[in-house]
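Take a look at the structure below.
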Amino acid sequence: MILTYGESKVGLVRKVNEDAISLSVPDVYLLADGMGGYDGGQLASRLAVSAAEDFFRRKCEETVSEALVKEAVLAANDAILAEKVKTPSLSSMGTTMVACAFSKGQVFWAHVGDSRLYIWQDGSLSQVTVDHSFVMQLVAEGKISKEEMRLHPRKNEITRAVGIERPLSVDTGCFPVSEGTLLLLCSDGLSGMVEDETLSRVIGESPLREQKDIDALGRRLMELVYAAGAKDNVSVILALFA
């Protein structure tokens, strides 16, 4: 049994929610954070999620794999690029994307941008994805620490996005899950406002047994973001393997 929670909210600063999420396809979890202005960002994230949903529905009989989940993200890339041809004024739009699919005891994922996938397992929280961002490059080069990322003036610059070009480089992976494993997908509206240590503590304090526990955890994460100022749109997907 998989217990899920999903919410996407506009935050306290921006007027339009440029994030999009989906849990409408069984065992598939999609999250996107758009960019390119109010109209462009909002459209890009929704196009990406819709295209990936359609892809998974068409491929529902196929064996889930890293390659299949990557294809879903590439379908999202194609959908945005096609829209740009029709509407040149939206030429700057693009989106981050995290796509996950569960099958036969494993989660297969694909990722572009700085939205994140975390896994909570055996009492520990780990970030699965690596941000495609300017500040993460600085961290990798040893020029700044992970703690300094949050305050860096270029922290919002991403180096890779869906809907910008072909070919698109997509990170993929898979990992086994067991009873008690929790997935957390989020936009940087959460990860940029709440420290990983706080996320780990709050998850660790949660019972994680029933649907009401997942709902309460989701609401608690949102409360933390708003208490910190909610400077960006915030989206969260939780999936508990119970």
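The values are calculated or read from the model by the stated rules, or taken from the named source; none is laboratory data. Keep in mind that what you see is a predicted model, and the values were worked out from it rather than measured. Methodologically, a virtual Cβ is constructed for each residue, glycine included, from the backbone with ideal geometry; neighbour enumeration extends over all protein chains shown. SASA here: full protein model, heavy atoms, side chains in, ligands and nucleic acids out. Shrake-Rupley method; radii C 1.70, N 1.55, O 1.52, S 1.80 Å.
Values for this structure:
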read-out: Failed condition for Ser92, given (1) touching a residue at least 40 places away in the same chain (Cβ under 8 Å); (2) open to solvent by 40 Å² or more (accessible area, probe 1.4 Å); (3) over 22 Å from Ala161 (Cβ atoms); (4) among the small types (Gly, Ala, Ser); value: (3)
read-out: The range 193-211, subset more than 22 Å from Lys155 (Cβ to Cβ) and among the polar types (S, T, N, Q), residue least open to solvent (accessible area, probe 1.4 Å); value: Ser206
read-out: Among the residues listed as Ala32, Ala44, Ala20, the single one being part of a helix (DSSP H, G or I) and either buried (at least 20 other Cβ atoms within 10 Å of the Cβ) or not β-branched (Val, Ile, Thr) (or both); value: Ala44
read-out: Pick from the range 212-242, criterion over 30 Å from Gln42 (Cβ atoms) and at pLDDT 95 or above, ranking: surrounded by the fewest Cβ atoms within 10 Å (Cβ to Cβ); value: Lys212
read-out: Qualifying position, being in contact (Cβ under 8 Å) with a residue 60 or more places away in the chain and among the hydrophobic types (A, V, I, L, M, F, W, C), among Val64, Val98; value: Val98
read-out: Filter result for Thr4 (touching a strand residue (DSSP E or B) at 6+ places or on another chain (Cβ under 8 Å), farther than 24 Å from Leu184 by Cβ and surrounded by fewer than 20 Cβ atoms within 10 Å (Cβ to Cβ)); value: no
read-out: Hey, Lys59 within 30 Å of Arg219 (Cβ to Cβ) and surrounded by fewer than 20 Cβ atoms within 10 Å (Cβ to Cβ) or not; value: no
